[in-house]
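Input: a single structure, listed below in structure tokens.
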Amino acid sequence: MHRITFAPNFADWQPLAREALRSQLPPDAVVWEERDAPATDLPFESEPTPAPAPERPVARVPKQFLDLAKTVSLHRAGTRWSLLYRVLWRLTRGEPKLLEVVTDPDVARLHAMAKSIRRDIHKMRAFVRFREVTTPAGAWFVAWFEPEHRIVEANAPFFLDRFAAMRWSILTPEICAHWDLRALTFTPGMSKSDAPSEDATEDLWRTYYGSIFNPARLKPHAMRAEMPKKYWKNLPEAALIPTLLAEAPRRTESMIDASDLQSTPPPAHTLAMPPETDRLEVLAEAAAGCRACPLYAKATQTVFGQGARDAAIVFVGEQPGDQEDRQGEPFVGPAGKLFDRALAAAGIARETTYVTNTVKHFKWEPRGKRRLHQTPSARDVASCRPWLEAELRVLQPQLVVALGSTAAKALLGSQFRVTQQRGEIFQSEFSDRVLATVHPSSLLRLPAGVEAAAEFERFVADLRTARQQVNSG
Ligand code: URA
């Protein structure tokens, strides 16, 4: 028996597994022992590393396995390393298509573990609640979370991305993640008593949750599925749930009589929480009740994306305008009409595409009797981003086209400049292929001296590039 000791992470395990393969160590001859794990009492012949590798090339490992292994390495079960090595062994020893055999017990177990990790990652994103504490450095936002698996390091970049502008710490029993506006660091785990539990933000959040709770839409079953009871204890709003459930019938009546919710001040920005689903209509339904940022309060409705489920191209605009807000559909106002003309000129049938926006509520300020468009802030975009991510995850288009700077920055980073980089293909975490062009509304208000026909033609040329991209596969 060979005992291989390693730090329990994929980066440490992978070269040792490769070495073990080269040394032709069959799976049942290896014990994978996590450093700091309790010692086993199996008999060992050699340690700590396998015998020197003879010159035997190791067969290529499919990328799908590497992706799966990276995910599964975050699982808490100690057996994951031996399972991974067994699958690796089989893949490189005459079963190169093993991962396609979903009924194989090893493969099924791998997929089940990966699914459990993905769920845990989603739950952490959805249920982490920051509480503000005052420190000598300024405001610091602290959250307590108890993940099922070892997902904190893998998930930290997500929170960094969303909350780059504030100092935060996520405390967990095993490891803590911190962002101080300069560096992302990790320290050993803490106990729950180290996390602040009550504060003013929490009261505000409760008031907010109580006020947006719409008894007419109450679906306790779905509620429990989306917000499993085990997470309730860390959520300030959860304390309200029993009372709200009990009061639901009475409150439905009073809502019908007269809306008592209008005067509640909107809360600070949080993150939208799309349900885990591959159905766009379920996403749209959930987005209709989204209160993650204050924009909903002044908008008529959420304007979710619309279009073909099998769209090869997804167009992403900025946010709904006045007409879209009234009609509940994206790009149906003046900019939408121009967009339709440009699509037709480029030979793209709109109904074969999917059209959505970076921010799903209309942001505006009053100007006399008119509602004047306001550009969404980075925080508006960040709050709404989970909806766009969810749409793209479901649609998996061949190409995403950003219309204008807000969409381009959301998809390609804040340094992106449409004026300099329009019409080119970029890779982003949202999609392998993203092309950015101008927003159609910019063609409706061109500065004096700029030739409208020529600018329209440039826009159409970018759309043609998009069409050629998906035609060429
Ligand atoms: N502008 C946008 O960005 N989106 C719309 O839906 C309408 C106008």
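Please treat every number below as a calculation from the coordinates, not as lab data. All values derive from a computational prediction rather than experimental measurement. Note: ideal-geometry Cβ built from the backbone for every residue, glycine included; neighbour counts use all protein chains shown.
Residues of region 85-121 with the amide nitrogen closer than 13 Å to a label point 7 Å from the Cα of Asn9, along Cα-to-Cβ, please.
Within reach of a label on Asn9, which here means backbone N under 13 Å from a point 7 Å along Cα→Cβ, region 85-121 contributes nothing.
Each label point is 7 Å from the Cα along the Cα-to-Cβ direction; what then is the distance between the points at Lys115 and Asp278, in nm?
1.1
First measure r as the distance between the Cβ atoms of Gln396 and Ala461, then evaluate 1/(1 + (r/R0)^6) with R0 = 30 Å and state the FRET efficiency to the nearest 0.05.
It comes to 0.70.
What distance in nm separates the simple spin-label points at Arg326 and Ala288, each placed 7 Å from Cα in the Cβ direction?
The modelled label-to-label distance comes out at 2.1 nm.
State which entries of Lys337/Lys363; Lys337/Lys360; Lys63/Lys123; Lys70/Lys409; Lys115/Lys192 exceed 23 angstrom in Cα-Cα distance in the structure shown.
Exceeds cut-off: Lys63/Lys123; Lys70/Lys409; Lys115/Lys192.
Arg341 label point, 7 Å along Cα→Cβ, cut-off 12 Å on backbone N: hits in region 397-431?
Zone members listed by number: none at all.
How large is the translational diffusion coefficient of region 416-464 in µm² per second when you combine the Kirkwood radius over alpha carbon pairs with Stokes-Einstein at 25 °C and 0.890 mPa s?
Calculated translational D: 207 µm²/s.
What percentages, rounded to whole numbers, describe P(r) for region 333-473 computed over all alpha carbon pairs with 10 Å bin width beginning at zero?
The distribution over region 333-473 is 11, 40, 38, 11, 1, given as percents.
Using the basic label-point model (7 angstrom from Cα toward the beta carbon), what is the Gln468 to Val101 distance in nanometres?
4.6
Rounded to the nearest whole Å³, what is the per residue volume of the convex hull around the Cα atoms of region 274-372?
On the way: hull volume 9.6 nm³, N = 99.
Considering the Cα atoms of region 274-372, their hull volume per residue is 96 Å³.
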